[in-house]
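The values are calculated or read from the model by the stated rules, or taken from the named source; none is laboratory data. Since this is a predicted model, take the numbers as computed values, not measurements. Here the Cβ positions follow ideal geometry from the backbone for every residue, glycine too, while neighbour counts run over all protein chains shown.
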Amino acid sequence: MVRENEIRAGEVAVDMPPANDAGLIFIGTIRTPWTSRLECPRRGREDGPVCRIELFEPWSQGLQGIAAYERLEVLYWLDRSRRDLVRQSPKNDGSAHGVFSLRSPVRPNPIGTSLVRLIRVEGPVVEVAGLDCLDGTPLIDLKPDRSLFNPLAPPQKGDFETA
């Protein structure tokens, strides 16, 4: 069961260090039907509700060409997630796992990703199906699904050599 701020048996919270700003810029807002983590799905589904990704200016011009892809990867900031649990008990059975072995939204840097189906692009708005985040979630980035993306050029001999 999804929870708000409880500490379960076996979980470990740590004191958060001071922020070291990496210069992250939110490029838009995501609009979904969910306002609480208790009602939000754990994983998005391609047959889920249509959600809106609203890009801020000047980023909307970056959407040129995106309609050529049927699936997109959406990266977003889970702004209402805890950030201090390093060990979590997702099944609430006392057994805990390290945060990096889980897909939990509770993480030191709560970056969420969803692979979504593109419905349409209209101006600065991208409509998609398959999201699993709360209404008003800040958008970090949009990318074509990497499994559909062809590299610009094949690697050349020596491209990956190290010293």
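Key figures
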| item | result |
| --- | --- |
| Within the range 117-153, tally of residues that are touching a Cys at 6+ places or on another chain (Cβ under 8 Å) and either over 15 Å from residue 30 (Cβ atoms) or part of a strand (DSSP E or B) (or both) | 3 |
| Only one of 124, 105 that is buried (at least 18 other Cβ atoms within 10 Å of the Cβ) and on the phi < 0 side of the Ramachandran plot | 105 |
| Lone qualifier among 134, 118, 102 - being aliphatic (A, V, I, L, M) and either in contact with a Pro (Cβ under 7 Å, 6 or more places away or on another chain) or modelled with pLDDT under 95 (or both) | 102 |
| Out of 104, 95, 81, sole residue that is in a loop (DSSP other than H, G, I, E, B) and in contact with a strand residue (DSSP E or B) (Cβ under 7 Å, 6 or more places away or on another chain) | 104 |
| The one condition in (1) touching a residue at least 60 places away in the same chain (Cβ under 8 Å); (2) crowded, with 17+ Cβ neighbours inside 10 Å; (3) not charged (D, E, K, R) that residue 92 fails to fulfil | (2) |
| Unique match (being in contact (Cβ under 8 Å) with a residue 60 or more places away in the chain and over 18 Å from the mean Cα position of the chain (by Cα)) among 21, 15 | 15 |
| Out of 37, 43, 8, sole residue that is over 30 Å from residue 124 (Cα atoms), part of a loop (DSSP other than H, G, I, E, B) and among the basic types (Lys, Arg) | 8 |
| Failed item in (1) of a type outside the set (A, V, I, L, M); (2) in a loop (DSSP other than H, G, I, E, B); (3) free of Cβ contacts under 8 Å to residues at least 60 places away in the same chain, with residue 61 passing the rest | (2) |
| In the range 56-76, the residues that are among the charged types (D, E, K, R) and loosely packed, with under 13 Cβ neighbours inside 10 Å | 57, 70 |
| Residue in the range 60-71 that is modelled with pLDDT of 90 or more, under 17 Å from residue 143 (Cα atoms) and within 16 Å of the chain's Cα centre (by Cα) present | yes |
